[in-house]
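The values are calculated or read from the model by the stated rules, or taken from the named source; none is laboratory data. Computed from a predicted structure; not experimentally measured. Positions of Cβ are backbone-derived with ideal geometry, glycine not excepted, and every protein chain shown enters the neighbour counts.
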Amino acid sequence: MILYNTTFVVEDSVHDEWLPWFKETHINDYLNTKCFLGARLGQITSHAEPGFQTYSIQFFVNDDLTLDQFKNNFLSDIQQKSLEKFATKVLSFSTEMDHLGDFSL
C-alpha cells in the first residue's frame, strides 16, 4: 500500500472557510476518483508558524499504477478547484510513502 500525503499551509484569514470546505467537499473530490481506499486527516501542531494553520492528509492507495492514474487524470482539476477558491492563501506539497506496517500495544 502507498500513502499519498499532502500538507496544506493555510493562512488564518481563510482558515475558517477553508477547513469546512476541505472536510465536506475537497476530500470527496479525491475519494470520488475511486483511486483511494480512504484517508486520514490531521492538524500539524509542531513547527507552528504565526498566521498559519497546517494540515496533513494521507490517502491510501493500493499501488503505483493507481496513484499514477490519479495524478495523470484527476490531480490537476482537483488542485485547480482549490486555487480558484483560495488562490495562494493555501499552499500545499505532496509526498508518497510506502506503507510498511501499523504498530500498537
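So in the stretch 49-105, with the set limited to residues that are acidic (Asp, Glu) and either at pLDDT below 95 or in contact with a strand residue (DSSP E or B) (Cβ under 8 Å, 6 or more places away or on another chain) (or both), which one is farthest from Ile2 (Cα to Cα)? Of everything passing the filter in the stretch 49-105, Glu49 is farthest from Ile2 (Cα to Cα). Once the stretch 1-20 is narrowed to residues that are under 16 Å from the mean Cα position of the chain (by Cα) and part of a helix (DSSP H, G or I), the residue that is farthest from Leu65 (Cα to Cα) is His15.
Looking for something buried (at least 17 other Cβ atoms within 10 Å of the Cβ) and closer than 17 Å to Ser92 by Cβ - is there at least one such residue anywhere in the stretch 41-49? The answer is no; no qualifying residue exists.
If you check Asp16, Asp12, which single one turns out to be touching a Gly at 6+ places or on another chain (Cβ under 9 Å) and modelled with pLDDT of 95 or more?
Values: Asp16 fails: touching a Gly at 6+ places or on another chain (Cβ under 9 Å).
Going through Asp16, Asp12 in turn, just one is touching a Gly at 6+ places or on another chain (Cβ under 9 Å) and modelled with pLDDT of 95 or more: Asp12.
Can you list the strands (runs of 3 or more DSSP E) lying wholly within the stretch 27-102 that have 2 or more residues being over 23 Å from Asp12 (Cβ atoms), among the acidic types (Asp, Glu) and touching a residue at least 24 places away in the same chain (Cβ under 8 Å)? Qualifying strands (runs of 3 or more DSSP E): 90-98.
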